[in-house]
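One structure is given below, encoded as structure tokens.
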Amino acid sequence: MRRAGWRGLSAAVIVLACAPLTGGCGIQNSDVIEAGGPATVEAFFNPDVDMLLFFRSPDGGLTPVMRETRASAGFGSEYIEPGAPTRDPSGPAGPVPTEKVVLELLSGPGEADRAVGLTTAIPAVREGATVKVEVARDGGVTARLPVAVKALKPMALRQLTCTIAYNEAAEGRVGVTLRGDDGAVTSGRCDLAPGAAD
């Protein structure tokens, strides 16, 4: 009986003796210090092998995502970016057709995109849907889409407009007209500064 009592007392003394040691080492508490926004990484968009898509970020803004469509001369045909869709190494040289880029956007974010919280405001489209993009003499672009444009939310319109604008012009400074399969038409410009995410 006494042994159990001594063991309990010994344990209590050890805990009390160690308490000042575990309480801290003289460092005072401080407030959280803001260190700025998230880190950014500069990527170089090559329209001959890349597509630039715009998805909704977790904070509700607009974020560009690059996808490689075929092997670039710099890496060789064995290079495959993690999470990249299947590429067509036999495809024609030159910029990726904007129709193909828009269809990729309409298919929604990929697995790697969803893993970092990217989503889309564009409703799903039927399988086998087509897109037609025409460039006018004044440089403006018209895209005929397999979606009801009148029903699109502002974020969906921004996704489509910026994706088309940046794949048609390096700085994204081109007027874009969207024509839906519902007969509705809307026009605008990408409201992102070159090289910036919203």
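The values are calculated or read from the model by the stated rules, or taken from the named source; none is laboratory data. Predicted, not measured: the structure shown is a model, and the values here were computed from it. Using ideal geometry, Cβ is built from the backbone for each residue, glycine included, and neighbour counts are taken over all protein chains shown.
Yes/no matrix, rows are residues, columns are (1) surrounded by 12 or more Cβ atoms within 10 Å (Cβ to Cβ); (2) at pLDDT 50 or above:
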site	(1), (2)
Asn46	yes, yes
Met51	yes, yes
Phe54	yes, yes
Gly60	no, yes
Pro64	yes, yes
Arg70	yes, yes
Gly74	no, no
Ser77	no, no
Pro85	yes, no
Selection count where residues are in contact with a helix residue (DSSP H, G or I) (Cβ under 8 Å, 6 or more places away or on another chain), of a type in the set (Val, Ile, Thr) and not in a helix (DSSP H, G or I), scope region 139-196
6
Yes/no for Arg173 being of a type in the set (D, E, K, R), touching a Cys at 6+ places or on another chain (Cβ under 9 Å) and at pLDDT below 95:
yes
Condition (residue is loosely packed, with under 14 Cβ neighbours inside 10 Å, at pLDDT 95 or above, assigned to a loop (DSSP other than H, G, I, E, B) and out of contact with any Asp or Glu (no Cβ under 8 Å at 6 or more places or on another chain)) applied to region 91-113: is it met by at least one residue?
no
I need a count of the residues in region 115-138 that are at pLDDT 95 or above, outside any loop (DSSP other than H, G, I, E, B) and within 19 Å of Leu52 (Cβ to Cβ).
2
How many residues does region 114-128 contain that are under 22 Å from Pro97 (Cα atoms) and surrounded by 15 or more Cβ atoms within 10 Å (Cβ to Cβ)?
3
Out of (1) surrounded by 20 or more Cβ atoms within 10 Å (Cβ to Cβ); (2) over 16 Å from Met51 (Cβ atoms), the one Tyr166 does not meet is (2)
